[in-house]
Structures are given as structure tokens and as C-alpha cells.
């Protein structure tokens, strides 16, 4: 611990208030929902069953045509790009505003496990759902009874 000397210009409670304000969760850019450029990316849930993988991505306000989903080898990439333009004129003044939203998330799936011919995707109520089936040899087999000879 180091000793800090104050010159008396700041009130005693100011540093504690400053630390409390900037130490809160909203300034935690290392959160998994923030990219390296400090922009938000949608949250994703991935679940593995014996038959397939299920991916749920929260992306409200999008349209199914805003997404591009690719499987390259065993890397699944979900991209989205959306542009909006608003134009208004009032009393001789005109205003044009542009809005751009885009993100990209990639996931590496286990090698030789995914059956890429049966991947299905749907967008419903702000959620993107993907079902990625497993190859037959990778599916979990039902337990079997082994008799003792």
C-alpha cells in the first residue's frame, strides 16, 4: 500500500464517489456482450443434445433477411447488417439521419460431428434459432444391457 498526500483541493468523499460511479457494471467493457471495439453483440445460448446442437441468439428488432449464416468447415458464422435512413423536412430545414447496425459472431463446432446438410434456422419474436444436427456416428446411442457370460 502506498501513501498518497493530498493538497486539500478535493473534498474527502470525492475519490470514493468517483470510484463508485466508474466502477459500476455499465463501464465493464470486458463483459461477454461487448466486442473488442466496445460495441454490443447479441447474447447466445448453445445447447448440445444427443441428436443435435441448438443455438439461440437474441437479436430483437431484426428481420430474417438481415442475417447471413455460414458454415465453413467446422466454423459457424452468424452475421447481420442493417441500414436505416430517416428523412424529414420542416419549415425549410431538412434532416437525414442514418443508422447502421452490424455484428458478426463465429463458433467452432467439434470436428467431424456436424451434419451440414440438415442445418435449419428460423427467426421468431426477436430470437434467431438454429438447429445443427449431428452425424449419425456422433449421435449419442441409447444405453444397452451387456450380459455376463
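Averaging sequence separations of C-alpha pairs under 8 Å and six or more residues apart, then dividing by the length of segment 35-138, give the relative contact order as a whole percent.
Relative contact order here is 29 percent.
With a 10 Å Cβ neighbour count serving as the proxy for reagent exposure, in which order, fewest first, do 57, 62 appear?
62, 57
Segment 62-108 to segment 118-147: how many Å between their Cα centroids?
29 Å
If neighbour count is taken as other Cβ atoms inside 10 Å, put 95, 144 in order from fewest to most.
Taking fewest neighbouring Cβ atoms as first place, the list is 144, 95.
Given 10 °C and 1.306 mPa s, compute D for segment 35-138 with the Stokes-Einstein relation, Rh being the Kirkwood radius over Cα pairs; round to the nearest whole µm²/s.
Estimated via Stokes-Einstein, D reaches 101 µm²/s.
No lab work stands behind these numbers, since they all come straight from the coordinates. Given the structure is predicted, the values throughout are model-derived calculations rather than measurements. Because the Cβ atoms are built from the backbone with ideal geometry, glycine has one as well, and the counts that use them run over all protein chains shown.
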